[in-house]
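Below: the structure, in structure tokens.
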Amino acid sequence: MTDSVLLVIPCSHESARIGGFLPDLCREMSVLGGVAIMVVEDGSDAEEVSKMRFIIDSLRAQFTCLRSLKTLSSNLGKGGAVYAGWADHGGADWLAFVDADGACSPPEVARLIKMRGDARAIFASRVKILGRQVTRLFKRHLLGRIYATLVSELLKVPVYDSQCGLKVVPRAAFEKISNRLQVTGFAFDVELMVALLDTGCSIQEVPIDWQEIPGGKVNLIRDSWRMARDVWQIRSRRFRSKTNL
């Protein structure tokens, strides 16, 4: 395939974890070809930015697929960092993001990117079918299933896993919806998903191998409440939009 891909990695104080993931990802994307990688530092302090810049600059000497570090002056949230990176697409036909922790391995990232080819978006999904291996703490798995059910029931979308940190989206489809996206926190995936579906872009959920990595920043109680609130607000805006048509 000759279509180009911009792969964004949103980061907030991730220098301690990304060092074990980014070199292998760069190596994998260099073999694949046609993929540019951009790390977006989401409003971290000067010390953290310096650490991340050192990692990026060192790897850029080896890998031409890796762009220079993009820094945001304030913390926009995971979705805000992804969208800030996608805004600098440089003409890429596909926009993607992957989490910095390496839970989605470089070979799995490459496998999903290679599945592009028509106008559908591709969302990774943590589901143990078709021989896929998913290693996750039980309490996080349980919370994930409750949240997925909430999303599916409130938004009437048959989705198994809206929150897995690996997605590939046609740029043309994203540009149709970018001006209506308001959620920039952890629930941004949900708003992105329903906006794509509502404008006619189909989504394929692809089971992947996934390994939970220690050190995540999601607070199960605080962030679950925030994500549930965001889903309700997405539902309300979606209903108003449809009634105004």
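The values are calculated or read from the model by the stated rules, or taken from the named source; none is laboratory data. Remember, it's a predicted structure, so these values are computed and weren't measured experimentally. Cβ: placed from backbone, ideal geometry, glycine included. Neighbour counts: every protein chain shown.
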Which one of Asp118, Asp101 is acidic (Asp, Glu), under 17 Å from the mean Cα position of the chain (by Cα) and at pLDDT below 95? Asp101
For segment 179-191, check the following and say yes or no: at least one residue is crowded, with 20+ Cβ neighbours inside 10 Å and hydroxyl-bearing (Ser, Thr, Tyr). yes
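State the number of residues belonging to segment 162-184 that are assigned to a loop (DSSP other than H, G, I, E, B) and either over 23 Å from Ser105 (Cα atoms) or polar (S, T, N, Q) (or both).
Within segment 162-184, the first condition is being assigned to a loop (DSSP other than H, G, I, E, B), and the residues that meet it are 162-165, 181-184.
Of the ones still in play, those that are also either over 23 Å from Ser105 (Cα atoms) or polar (S, T, N, Q) (or both) are 162-163, 181-184.
The total comes to 6.
To keep it simple, each residue is scored yes or no on (1) in contact with an Asp or Glu (Cβ under 8 Å, 6 or more places away or on another chain); (2) at pLDDT below 80; (3) over 26 Å from Ala121 (Cα atoms); (4) outside any helix (DSSP H, G or I).
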| position | (1), (2), (3), (4) |
| --- | --- |
| Glu205 | yes, no, no, yes |
| Pro214 | no, yes, yes, yes |
| Lys217 | no, yes, yes, yes |
| Leu220 | no, yes, yes, yes |
| Met227 | no, yes, no, no |
| Trp232 | no, no, no, no |
| Arg237 | no, no, no, no |
| Arg240 | no, yes, no, no |
| Leu245 | no, yes, no, yes |
Kindly provide the set of residues from segment 44-61 that are of a type in the set (Asp, Glu), assigned to a helix (DSSP H, G or I) and closer than 18 Å to Ser73 by Cβ, ordered by number. Glu47, Glu48
